[in-house]
Amino acid sequence: MRRYLLSDEEEAVRQAVHTLVVREIAPLSALSDRQELFPRRQLELLGAHGYLGMIVAPEFGGAGASYLAQTLVIEALAEVDAAAAVVYEVHNALAVEAIWRFGTPEQKRAWLPDMCQGKRIGAFALTEADAGSHAAALTARAEQVDGGYRLRGRKMFITGGGEADWYLVFATLDPAKKAEGITAFWVPKGAKGLTFGPPLEKMGIRAARTSEMVLDDVLVPASHRVGEEGQGYAIALYLLDGGRIGIAAQAVGIMAAALARARRYARERRQFGQPIGHFEGVQWRLADMATDLEAARLLTYEAARHREEGPQQRPLFAMAKLFASEHAMRHALDAVQIFGGYGYMAEYGIERLARDAKVTEIYEGTSEILRWIIASHLLKDWYDTP
Ligand SMILES: Cc1cc2nc3c(=O)[nH]c(=O)nc-3n(C[C@H](O)[C@H](O)[C@H](O)COP(=O)(O)OP(=O)(O)OC[C@H]3O[C@@H](n4cnc5c(N)ncnc54)[C@H](O)[C@@H]3O)c2cc1C
């Protein structure tokens, strides 16, 4: 059996969460995908077992676990349900972590315990229709008013939009200041003037609802500003560093599922009087799938171990997502190929892996943007250390 260099605590999390997701979450995932059912129940279950807000200190309701432990949960979830995995990732790496890293003690006390139990789900609202990769060009406006701020604008492609209970919304106080004008706000679902479009129909991760968000003069008290005025863009980038480790883990989970299913099928399916795994054409695909899975997993774990070092390891976080997502896409399609016609049929759940894998190359930084980040650090001093 393959073993990784994990601490005792991480190894215990890996085994326990694997058992939990196989027993409790895997049986729900095909139906959730078909009927686009938001995985709230799955998150509540994970919360009840202590798998939400894992990096948060126990005094605020978390487990005080390592970043890698949380990454292992995403990977295990994605092996059976990539949609639940991304909702988990957004909740933990983008919403919970925003309050954990940048919240005041009062904000932590008020919001984290419920989020660590899965009673409240968090979402992240940065993207706009005309500001995707170039998020600093966002136009949602924040205006100072008596006691707080008024928000106005539209956000696009919000995971959990309309389902989540809290939204970390990025808006600018002064467009002339560009990135330095952007500020983060914590907005509850029921806020007056906050509405959502219907779920957008998607290729994959269909259970992870994605919606447009409209902010129509939403009043936010000053106590709901996260971080300082003008710090929002730096907060978004900081969170996306961790988010990329999470999406890398989601891709690793998809790849692990593709390999597990393909190797079992290669041993069982017979053609020309023998298992198809006896044919070199199938063996080479399996060998590449296993090798790339190992590489992606190790790179993702390495990135998770360096998370606490923050933006100085940004290229490492980008590399993990870039490598894992592109190989997940490739090898999910390899699994479809090994299954032949059965792989193309929804009943076998292999085509879902390919549909789910594609978005890992797009959200939280496209592959092109990640290559740009990596290259720009290479041309500076990232590899210069002795
Ligand atoms: C299912 C889903 C869920 C999402 N969830 C969220 C969410 O919860 N919250 C949120 O804020 N956002 C979310 N997003 C948005 C996501 O992060 C953006 O889609 C992504 O950042 C890309 O932006 P875009 O779609 O506008 O593409 P664009 O930025 O328009 O890019 C289009 C193409 O041009 C390329 N490109 C752009 N700029 C460059 C460049 N400088 N060099 C080379 N190529 C370039 C891109 O790589 C891409 O191939 C989600 C998206 C999806 C699909």
(request) Please report how many Lys pairs in the chain have alpha carbons closer than 18 angstrom, counting only residues at least 8 apart along the chain or sitting on separate chains. (result) 8
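Ranking request for peptides 260-270, 315-325, 278-288: highest mean number of other beta-carbon atoms within 10 Å first, then the rest in descending order.
Details: 260-270: 15.9, 315-325: 27.0, 278-288: 13.9.
With the highest mean Cβ count within 10 Å placed first, the list reads 315-325, 260-270, 278-288.
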(message) If each residue of separation counts as 0.36 nm, what is the full-extension length gain between Ala222 and Ala12 once their alpha-carbon separation is subtracted?
(response) 71.4 nm
(message) Counting pairwise Cα distances across the chain, what percent come out greater than 27 angstrom?
(response) 48 percent
(request) Taking the convex hull of the Cα atoms, report for segment 233-378 its projected area averaged over all directions, in nm². (result) 9.1 nm²
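Roughly what % of DSSP beta bridges within the chain run antiparallel, to the nearest 5? Kindly include the intermediate steps, with their values, before the conclusion.
Working: 30 of 35 bridges.
Among the beta bridges of the chain, antiparallel pairing accounts for roughly 85 percent.
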(message) For the chain, set up a GNM with springs between Cα atoms under 10 Å and report which of Val145, Val96, Val87 has the largest fluctuation.
(response) Val145
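Carbon and sulfur atoms: what percent of the 1.4 Å accessible area of the chain do they account for? Write out the running numbers ahead of the final one.
Values: 9170 of 17120 Å².
Using a 1.4 Å probe with all protein chains present, the chain comes out at 54 percent carbon and sulfur.
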(message) Please report, ordered by residue number, every helix of the chain (full DSSP H runs) that is 30 Å or longer along its axis going by C-alpha atoms and whose mean Kyte-Doolittle hydropathy reaches 0.0.
(response) 232-268, 314-339
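Could you sort 69-77, 99-107 so that the peptide with the highest average Cβ count within 10 Å comes first and the rest follow in order? Before the final figure, lay out each step's value.
Details: 69-77: 28.8, 99-107: 16.4.
Order by mean packing, descending: 69-77, 99-107.
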(request) Return the distance in nm (one decimal) between the two label points of a simple spin-label model at Arg371 and Thr195, each offset 7 Å from Cα along Cα→Cβ. (result) 4.2 nm
(message) Given points 7 Å out from each Cα along the Cα-Cβ axis, report the Met203 to Ala136 separation in nanometres with one decimal.
(response) 2.9 nm
(message) Can you give me the distance in nm between label points at Leu379 and Lys177, each placed 7 Å from the Cα along the Cα-to-Cβ direction?
(response) 2.9 nm
(request) Would you calculate a helix-derived [θ] at 222 nm for the chain, using -39,500 (n - 2.57) for each DSSP H run of n ≥ 4 and dividing by the full residue count, to the nearest 500? (result) -15500 deg cm²/dmol
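The values are calculated or read from the model by the stated rules, or taken from the named source; none is laboratory data. Bear in mind the structure is a predicted one, so any value in this text is a computation, not a measurement. So basically every Cβ, Gly included, is an ideal-geometry build from the backbone, and we count neighbours across all protein chains shown. Areas reflect the complete protein model, heavy atoms only, side chains present, ligands, DNA and RNA absent. Shrake-Rupley method; radii C 1.70, N 1.55, O 1.52, S 1.80 Å.
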